[in-house]
Each structure stands twice: as C-alpha cells, then as structure tokens.
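Single-structure report; data block below.
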Amino acid sequence: MTDPGRPAQHPGEQVPTRPSGATAAAEPATPEQAVQATSASIKRMQRFTAANMVRSLLPLILICLVLVVFPTLRQNASDPVREVDPTSSERAAAELAGYPLQVPRGLPDAWRPTSVRTNAGSASTGDPVTLQIGWFTPEEEYASYVVSDDPRDPALDDVLAGATDAGTAEIDGETWQRRTTERGETALTRDDEGATLLVTGSAGDAELTTLAGSLEPYAP
C-alpha cells in the first residue's frame, strides 16, 4: 500500500539517500560575524608582532644603555677630564720603531693621560715612528711627551720651530736642552739613539722635570 504523503516512485527509479555520517552544510556567516572574526584575528596578530618586536629589541636596548649610561655614571659631572689608556699605542710604537723606545713610567695617579697618538699603525718597517702622550697634571696643567725619529713630525716641529735656547737641565743623570717656545712655554729636548725626546706644555718646570725624569726603556 502506497503512503499517500510520499511521492510515488516509478519502477526502476532510485530515491537519493544521504551518505552515512554526512552533516548538513554550515550556514554562511553573517557580515557582522565575519567582521568580528577578522577583527579578532588582526588583534591577535598585532599582539604577537608587538611582543616579538619587544623581545628582539630588548637585548639591543640593554646593550645601548650599558654603553651610554655606564660611562656617564662613572664620569663625575664636576670633572670634565676624560682619561685614555696609552698602552696599545706604546706597544705598537715599540714594535715598529727603529730606535729603543723610551716611555714614562711610575707617574703618580694624579697624572691623568688624556691623549695619545702614534703613526705606527700606518707605518711600514723602516718608516719614522712617532709617539705622543698628553697628561692633565696634578697642578691642572697640560704636559706632553713626544718621541720620534722624524724631526719634521708636526709634534716636534710645531713646538721647536722658532723656540729659543734657554740653557740646559740635568735630570736623573741626563742632559736636556731647555728652550722657550713661541708660546712662552718650556720645552725640554734631548737626543737618544737616533730619536728626539721632547717634554713640553703649559705645566711648570717642576712638573715637566717630573715627566722627563720618569722615562724608561719600553718593556711590555
């Protein structure tokens, strides 16, 4: 007997059936739901990107703070003097110089090295070598030591050109020529195995004598 509520089935006709386990197609999202989902995804991406950026930059920021802040903290605001270490320049000059290098040793801590220069880094074997070191002295003056086998080096020539003789000075068994520079400063000079040694600056005679008397053969 045929079910009156069911369409008639002709002979040989198959009625389509739903495959086992199939589910109904999901209903399309509304425009409001799509906007909310997109907005949530963007916020998650923004949080993820910002967090990664902060984490990647944090080590660099810390390094910069150490390099900038630490020297600032060490530097007394009332003390503008910035000290340098002449060790590497002394070593470079000693390795290349064609003369026995004399360098200051044993100066009191109040002698603060503030400048150093050498051409040893760009010189070749046999070239003249110059070493110049400057100090802020205990009397708050400037004293400079220069040693070079190039008499035309500006570190020597700028001081000695136009200087006038002012006698000699015996310092620790060595005879130094005293000169007065065009600036009115004292210059002490002597020759040592092919090199010219110069001590000069705005410092007084006592401090210049202390510097000249501190010279010793370079030893690593």
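The values are calculated or read from the model by the stated rules, or taken from the named source; none is laboratory data. These figures come from a predicted structure and were not determined experimentally. Neighbour counts are summed over all protein chains in view; Cβ atoms, including those assigned to glycine, are modelled from backbone coordinates with ideal geometry. Ligands, DNA and RNA are excluded from the accessible area calculation, which covers all protein heavy atoms including side chains. Shrake-Rupley method; radii C 1.70, N 1.55, O 1.52, S 1.80 Å.
Some points to look at:
- Mean separation of Cα contacts under 8 Å (6+ apart) over length of the range 99-220, as relative contact order %: 28
- Reciprocal mean inverse distance between Cα atoms of the range 80-153 - Kirkwood radius, Å: 12.9
- Full-extension gain in nm, Asp158 to Arg91, via 0.36 nm per residue minus C-alpha separation: 21.6 nm
- Placing +1 on the Cβ of every Lys and Arg and -1 on the Cβ of every Asp and Glu, with no other charges, gives the range 154-220 a dipole of roughly 180 debye about its Cα centre.
- Per residue value of the accessible surface for the range 168-212 (all protein chains in place, 1.4 Å probe), Å²: 48
- A simple spin-label model places pseudo-atoms 7 Å from Cα toward Cβ; at Asp205 and Arg82 they are separated by 3.6 nm.
- Expressed as a whole percent, the accessible area of the range 123-220 that falls on carbon and sulfur atoms is 43 (1.4 Å probe).
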